[in-house]
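The values are calculated or read from the model by the stated rules, or taken from the named source; none is laboratory data. Quick caveat, the model's predicted, so the values are computed rather than measured. Here Cβ is always computed from backbone atoms with ideal geometry, including for glycine, and neighbour counts include all displayed protein chains. When the accessible area is computed, the model is the full protein with side chains, heavy atoms only, and any ligands, DNA or RNA have been set aside. Shrake-Rupley method; radii C 1.70, N 1.55, O 1.52, S 1.80 Å.
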Amino acid sequence: MNASDLAPSYDLVVIGGGPAGLAAASTAARAGLATVLFDENPGVGGQIYRGITANPVKNHAILGNDYWVGSTLATEVKGSGALIVNGATVWSLDRSLTVGVSMGGKARLLQAKRIIIATGSLERPFPIPGWTLPGVMTAGGAQTVLKAQGLVPSGRTVMAGNGPLLWLLAAQILRAGGKIEAIFDTSSKRNWLRAAMHLPDFLLSPYFGKGLALLREVKAKVQIVSARQIEAVGTDKLREVVVDGRRIGADLLLLHQGVVPNVNLAIAAGVAHRWNTRQLCFVPVLDADFQSSVPGIAVAGDGAGIAGGTAAAERGRIAAIAAVRTLKPGANVPDPQNARQRLQHEEMGRAFLDELYRPVESLRRPEGDTIACRCEEVTAQQIRETARMGCEGPNQMKAFLRCGMGPCQGRLCGLTVTELIAEERGTTPDEVGYYRLRPPVKPISLGELASLPISEAERKAVER
């Protein structure tokens with residue numbers, strides 16, 4: 001499909017093809033809304049269900065039953081009548097509900113009556129010394145390779161950090177025939193005290209049985225070591241991992257300390273956000289239908305706060321039902337109360353996990369020469385010194401050090417920079433704020449911008 005084949009407007013534009021986006025697009029299209037779903041990847045599924053329509057992993061046990069649930073969502077959206085556009089980069093979204101999308105080297109601007117942002121999550125920055133070395137990558141990156149290509153790590157592989165994804169990936173690698181030398185668990189023992197008050201809900205949640213089985217599976221085959229300080233060491237590539245002074249030879253280090261909402265597009269559209277003190281990240285301010293502070297824009301899935309794949313799908317359905325009821329009041333839609341009940345069940349136990357896997361401050365707020373902004377190679381010390389000089393927030397920091405101005409547009413450094421400034425100035429991340437984001441939110445070429453259709457009025461405005 002070419003950019004020129006897109007209609008100039010749609011009832012509903014869904015951005016993101018993960019569980020929330022798939023459920024939203026399917027629900028809306030079946031109710032009769034002209035719906036289009038844009039996703040950057042070659043196929044639908046997002047990170048959770050990546051490669052679900054063409055997965056090279058034939059043994060279903062490797063990725064687990066929870067992964068293959070995504071095939072149902074993919075089948076449902078395929079038969080719903082929604083237009084699914086893969087390989088499409090949404091680089092602009094504004095308060096007038098105008099969407100800038102690029103595909104096949106061509107860009108278009110579309111108008112929508114309603115928008116559902118379902119851009120999901122990304123991994124929290126893990127800025128340790130040496131994290132930019134070849135041979136150091138995120139657990140999510142390794143899982144992407146496993147799902148999309150069926151490849152498992154080779155050589156001496158170690159993992160470090162905490163969070164459900166770390167343990168899930170470890171189990172998947174082991175099931176696929178891979179080997180893990182050790183897992184360095186960075187969870188603080190104090191986390192158990194904070195998590196204890198949420199234990200009753202966790203015991204009744206879907207997480208309890210699955211999580212316990214996962215931990216037992218991994219601990220039976222891999223050495224688990226508690227860790228407080230981690231450093232990747234090497235010159236041209238990773239050679240060793242130093243854990244609390246102990247040196248371990250390694251060819252691959254997989255880092256992970258949880259996931260956070262991917263907020264860049266929503267912030268660029270003007271959606272209000274606040275600091276979530278439990279999940280330690282910025283989340284959009286939403287109502288019960290996941291509608292944001294910008295009329296017509298909803299945020300669903302993990303982009304609304306981390307809750308997992310099944311919860312994300314229910315959030316997408318609720319947001320889509322609200323859009324249908326606004327645009328086509330007489331349409332037949334599922335009862336949203338059923339979706340809310342399923343969502344409530346899925347969210348039980350989330351608070352326990354948030355507290356248990358709360359990343360420690362020393363691994364969120366680096367010191368010295370540790371790189372904080374990878375794109376511009378800015379160190380933690382530079383950020384701290386600039387904050388002490390009077391820099392009050394990330395947007396001022398851009399002028400001093402270019403933090404957040406690289407290709408990732410702050411996705412890999414935003415939270416780190418905010419927390420470092422807050423710590424140095426003795427204030428809160430809410431007061432410091434996040435980067436001010438403007439289009440293009442994702443890198444696109446000048447050629448793509450130049451390919452935007454020009455009206456006769458626009459042409460005459462520049463002709464002499």
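Figures for the structure shown
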| read-out | value |
| --- | --- |
| Unmet criterion (only one of (1) within 22 Å of A24 (Cβ to Cβ); (2) free of Cβ contacts under 8 Å to residues at least 60 places away in the same chain) for N264 | (2) |
| Subset of the stretch 149-181 [farther than 18 Å from W131 by Cα, aliphatic (A, V, I, L, M), touching a residue at least 40 places away in the same chain (Cβ under 8 Å) and buried (at least 19 other Cβ atoms within 10 Å of the Cβ)] | L165, L168, L169, A170, A171, I180 |
| Answer residue from the stretch 269-278, given it is open to solvent by 20 Å² or more (accessible area, probe 1.4 Å) and in contact (Cβ under 8 Å) with a residue 60 or more places away in the chain and is nearest to H345 (Cα to Cα) among those | R278 |
| Test: residue in the stretch 9-28 that is in contact with a strand residue (DSSP E or B) (Cβ under 6 Å, 6 or more places away or on another chain), surrounded by 18 or more Cβ atoms within 10 Å (Cβ to Cβ) and at pLDDT below 95 | no |
| Evaluation of W91 against (1) within 30 Å of L255 (Cβ to Cβ); (2) of a type outside the set (S, T, N, Q); (3) buried (at least 21 other Cβ atoms within 10 Å of the Cβ) (one fails), failing number | (3) |
| Helices (runs of 4 or more DSSP H) (entirely within the stretch 354-464) containing at least 3 residues that are open to solvent by less than 10 Å² (accessible area, probe 1.4 Å), at pLDDT 95 or above and touching a Leu at 6+ places or on another chain (Cβ under 9 Å) | 380-388 |
| Members of the stretch 239-268 found to be crowded, with 16+ Cβ neighbours inside 10 Å and on the phi > 0 side of the Ramachandran plot, listed by number | G258 |
| Selection status of D11, closer than 20 Å to M103 by Cα and among the acidic types (D, E) | no |
| Selection from the stretch 300-335 of residues that are of a type in the set (D, E, K, R) and closer than 16 Å to D11 by Cβ | R325, K328 |
| Single residue of E123, E181 found to be touching a helix residue (DSSP H, G or I) at 6+ places or on another chain (Cβ under 7 Å) and of a type in the set (D, E) | E123 |
| Any pair with Cβ under 6 angstrom, 6 or more apart, that starts in the stretch 119-131 at a residue that is in contact (Cβ under 8 Å) with a residue 24 or more places away in the chain and of a type in the set (S, T, Y) and ends at one that is assigned to a loop (DSSP other than H, G, I, E, B) and open to solvent by 20 Å² or more (accessible area, probe 1.4 Å) | T119/N262; S121/N262 |
| Entirely in the stretch 173-236, the helices (runs of 4 or more DSSP H) that have 2 or more residues that are of a type in the set (A, V, I, L, M) and in contact with a Leu (Cβ under 9 Å, 6 or more places away or on another chain) | 206-219 |
| Of the criteria (1) open to solvent by 80 Å² or more (accessible area, probe 1.4 Å); (2) of a type outside the set (G, A, S); (3) over 24 Å from H256 (Cβ atoms); (4) more than 23 Å from the chain's Cα centre (by Cα), which one R342 fails | (4) |
| Filtered residue count, the stretch 307-332, keeping only those that are open to solvent by less than 30 Å² (accessible area, probe 1.4 Å) and in a loop (DSSP other than H, G, I, E, B) | 3 |
| Test: residue in the stretch 115-127 that is farther than 26 Å from E40 by Cα and surrounded by 19 or more Cβ atoms within 10 Å (Cβ to Cβ) | yes |
| Residue within the stretch 194-210 that is open to solvent by 30 Å² or more (accessible area, probe 1.4 Å), under 30 Å from D369 (Cβ atoms) and free of Cβ contacts under 8 Å to residues at least 12 places away in the same chain present | no |
| Residue under evaluation I297, criteria (1) over 24 Å from V36 (Cβ atoms); (2) surrounded by 19 or more Cβ atoms within 10 Å (Cβ to Cβ), criterion not met | (1) |
